[in-house]
Every structure is written in structure tokens, then in C-alpha cells.
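For reference, the structure is listed below as C-alpha cells.
Values quoted throughout were computed directly from the atomic coordinates according to the rules given, and no laboratory measurement underlies them. Since the model is a prediction, treat every value here as computed from it, not as a measurement. Glycine also receives a Cβ, built like all others from the backbone with ideal geometry; neighbour counts cover every protein chain displayed.
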Amino acid sequence: MFTNDQRQQERTGQYGTSRQQYLQELVNQFQNTSDEETKEKIAANLANFAYDPYNYSFLRQLNVLELFLDCITEPNEKLMEFGIGGICNSCVDPANAAIITQCGGIPLVIKCLSSPVRNTVNYALGALYYLCNKSNREEILKPEVIDVIESLQLQILWIQLFVLWFIWKESCNMQICRALQNWLPRETLWHWFEGSIILGSK
């Protein structure tokens, strides 16, 4: 549920911590810690706040969008995932998208498409969708980027085929199952199954 001033006042009370102050404390904690796990938790928390339009102005004032971009450059896959998640959540707003673009965020988001973490790839695709406009279409829709996206579509198609096969196997009678197994070699089926587990585990 999105927040507004009235709802925020009801939740925090007269002497509670304001949303801006709370976000500032999170940013300070992130900048002052060297513990990777703590950074991951804070980045995840900030990314969750980035979905709510009520927080957009605070994110810009506190340079949280730049913090998300910094996370994308880290070798830590979790920080990268939460960073691009925050970008994806926030860039639906044109003002946020403009800052991300001005800070050189598009190449960083494109780089996330090659991540082995499925969530990171999904967030990157969503972010590119919202970031793309007339002024940066050529940068985003480069042939090499289109090739990566088409490759991802093919991977998803194979997974969908396996799921359909599995549902069919579970629901049809044994005669149809045997026919399907004869049509698709066991090695092929196992290859699909193994691939779907690897992708799903990310």
C-alpha cells in the first residue's frame, strides 16, 4: 500500500521518526559500515522503500538513487541484486529516471542482464523498459542488448516447455506419458529439468 502524509502521521505519531529521517539513518548506516551482510540488509530495505511514490523526493534528496547505482558496481551479487531492484522500483518516476540516466546508469543496468542471478536480470529488464525514451533509445536498444534479451526469451521458452511437459505428465494417463517420453529423449528432458532447477535457484 502506498503512503501519504496522513497515513504516515498516523503510523509515527507526534513524536515518531519522520520517513525522511529514517531513510537518512539507513543511508548513514550503509555508508559507515564495512560489514557486507549489513550493507545487503540496508540495500534491500532501501529498495523496498523505492517502490512507493511517497518516498521518491526523499530518495532524490538523500542521493539514494546514486547509492543504488554504486551497489550495481559491487562484486557482491546480493548488493547488485538489491541495487538494481531499487533502480527498477524507482525509475517508473520520470524525475528518478532522469537522475539515473544522467549518472551513467544505463550501461550499468545493461551490464546486469548478464548476471547469473535471475532476479537481477528481471529487475534490469524492468528498469530498461522504464528508462527507455526518445533521447536514449539508441543507447538502450543496441544490437548487442537486443541479442541478450532475445537469448533470455529463448531460455524462458525452454523452461515453459518443461513446465508444460511436467503438467501433462502428471495429468495424463500412462499411455500418453509413455508416448511423450518416446517422442522426447530422456537426456533432453533431464537437460531441461536440470536447467530449470539452476535458474529457479537464483
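Packing order of peptides 71-80, 34-43, 124-133, 86-95, highest average first: 86-95, 124-133, 71-80, 34-43 (average count of other Cβ atoms within 10 Å over each peptide's residues). Using only the C-alpha atoms, the convex hull of segment 5-141 corresponds to 105 Å³ per residue.
Listed values for segment 124-132 are Karplus-derived 3J(HN,Hα) couplings in whole Hz (6.51 cos²θ - 1.76 cosθ + 1.60, θ = phi - 60°), namely 5, 4, x, 5, 4, 4, 7, 6, 5, and x replaces Gly and Pro. Take the Cα pairs of segment 41-89, get the Kirkwood Rh, then feed it into Stokes-Einstein at 20 °C and 1.002 mPa s and tell me D in µm²/s. Once the numbers are plugged in, D ends up at 208 µm²/s.
Placing pseudo-labels 7 Å out from each Cα toward the beta carbon at Q153 and Q29 gives an inter-label distance of 4.2 nm.
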